[in-house]
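See structure below.
No lab work stands behind these numbers, since they all come straight from the coordinates. Because the structure is predicted, anything quoted here is derived from the model rather than measured. Here the Cβ is made from the backbone with ideal geometry for all residues, glycine too, and neighbour counts use every protein chain on show.
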Amino acid sequence: MKLEKDLYSIDKKLLVKAGDIINTKTLKNIAGLSDKIRYVPIKGTWLIKDLIRTFKDKRYENILYPPEINQKIIRYISHIKMPEKILSELAYMKKLTPYTYHHIMVIAVLSGKISFDHSLKNKYEPGIAMLLSLFHDIGKSRIPLSILDKRTPITVYERHILSTHPLIGYVLLHYYFGKDHKKYNFSSYQHHERLDGSGYPLGIKTLNKYSQLIGVVDTLDALISERPYRSKPFTLRAAIDLLLDEADKGKFNKSLVRTLIIYSRRESPGAKIKIAEKGRDKAPSGNSYGKTASS
């Protein structure tokens with residue numbers, strides 16, 4: 001594995017030179033570069049205010065409810081501590097690419113809500129789910145805005161650059177967490193992997209359960225968000241229908257997608273799920289999500 005550009009940490013320490021092979025030895029050395037890691041509480045930071053604002057996002061009014069659950073999510077997040085340098089990364093991302101920053105806030109609260117759901121067979125620890133979500137996309141802060149904000153389908157080369165963001169985040173987390181990196185790295189490295197092996201960067205099929213969770217809500221938010229590369233976003237129904245189709249193909253954990261379906265049926269959340277095979281909502285016209293330009 002290689003990167004196209006030199007990779008620096010938020011405190012301007014060179015971690016990887018462009019073109020250098022990134023292997024187990026490299027990553028071990030990067031983890032060893034860390035000074036004593038200073039953990040800081042999220043409580044009292046600007047992050048809490050931004051997370052609370054997420055509950056006012058009208059795209060999620062049929063998912064992020066009732067207020068009691070939202071308050072519970074914030075209480076849990078308030079007790080989380082993270083390395084101070086990751087907090088600095090999030091501050092940098094907020095300024096550099098507000099869309100990605102808001103996206104991270106959304107993924108954190110969605111992961112929090114799902115992790116509280118007792119109907120899931122695999123139980124999730126809310127604190128871990130939300131912490132991992134908060135830094136799953138930090139690698140995008142090193143991707144050029146000319147690619148992140150491009151209005152037309154990206155080229156093959158641009159797709160390659162964009163697909164390095166899980167690896168970039170993986171490397172950064174080795175440095176920020178030092179010896180504890182193994183507990184947290186997979187959230188960045190695996191969130192674009194799929195259960196059928198069709199994801200990236202490695203095309204693996206065995207995924208950590210938190211990576212499966214983040215992957216589902218990450219895709220949902222990407223679909224229903226306004227982005228330069230499509231004329232309008234997916235409706236919530238169209239996005240969930242696409243996720244359901246992908247789950248049927250073995251890409252996503254179906255129980256997680258079904259949980260989103262239950263949430264979206266706000267009027268009758270306890271009703272037995274009957275999933276339509278026909279008449280599902282369609283993707284918006286002019287959509288270039290996931291498409292690559294021919295040149």
(message) Apply the a/c threshold of 1.5 to the C-alpha gyration tensor of the stretch 30-172 and tell me whether it is rounded, prolate or oblate.
(response) oblate
(request) Would you grab the residues whose amide H sits under 5 Å from the one on Val16? Only those 5+ places off in sequence or on another chain, please, with H modelled 1.01 Å from N. (result) Leu7
(message) Residue by residue through the stretch 32-46, what is 3J(HN,Hα) from phi via Karplus (6.51 cos²θ - 1.76 cosθ + 1.60, θ = phi - 60°)? Round to whole Hz and write x for glycine and proline.
(response) x, 6, 5, 7, 4, 7, 9, 8, 10, x, 6, 4, x, 8, 4
(message) So if each residue of separation counts as 0.36 nm, and I subtract the Cα-Cα distance between Leu14 and Thr155, what length gain in nm does that give?
(response) 47.9 nm
(message) Just to be sure I understand the model, the point goes 7 Å from the Cα along the line to the Cβ. What's the resulting Glu61 to Lys123 distance in nm?
(response) 3.6
(message) Using the Cα centre of the chain as origin and beta-carbon charges of +1 (Lys, Arg) and -1 (Asp, Glu), tell me which of His165, Leu96, His136 is placed farthest towards the positive end of the dipole.
(response) His136
(request) Could you grab the relative contact order for the chain? Cα pairs under 8 Å, six or more apart, rounded to a whole percent. (result) 17
(message) Can you compute the charge dipole magnitude of the stretch 21-129 about its Cα centre, using +1 on each Lys and Arg Cβ and -1 on each Asp and Glu Cβ, nothing else charged? Give it in debye, rounded to the nearest 20.
(response) 160
(request) Quickly rank 139-149, 20-30 as a protection proxy: mean count of other C-beta atoms within 10 Å, highest first. (result) 139-149, 20-30
(message) Sort Tyr263, Tyr39 by Cβ crowding within 10 Å, fewest neighbours at the top.
(response) Tyr39, Tyr263
(message) Give me log10 I(q)/I(0) at q = 0.13, 0.25, 0.27 Å⁻¹ for the stretch 88-169, Debye formula, one equal scatterer per alpha-carbon, no solvent.
(response) -0.49, -1.13, -1.23
(message) As a quick test, which of the pairs Lys2/Lys28; Lys17/Lys183; Lys28/Lys150; Lys2/Lys85; Lys2/Lys43; Lys123/Lys251 have an alpha carbon distance above 27 angstrom in this structure?
(response) Lys28/Lys150; Lys2/Lys43
(request) Between the alpha-carbon centers of the stretch 224-255 and the stretch 18-70, tell me the distance in whole angstrom. (result) 23
(message) On a straight-distance basis, which aspartates and glutamates could pair with Lys249 in a cross-link, Cα separation under 19 angstrom, same-chain partners fewer than 8 positions away excluded?
(response) Glu193, Asp196, Asp218, Asp241, Glu277, Asp281
(request) Among Pro201, Pro166, Pro98, determine the one that fluctuates most according to a GNM of the chain built with springs between C-alpha atoms less than 10 Å apart. (result) Pro98
(request) Measure nothing fancy, just the Cα-based angle from helix 254-264's long axis to the longest principal axis of the chain, in degrees from 0 to 90, nearest 10. (result) 60
(message) What does the C-alpha gyration tensor say about the overall shape of the stretch 144-261? Classify as rounded when a/c is under 1.5, otherwise prolate if a/b is larger than b/c, or oblate.
(response) oblate
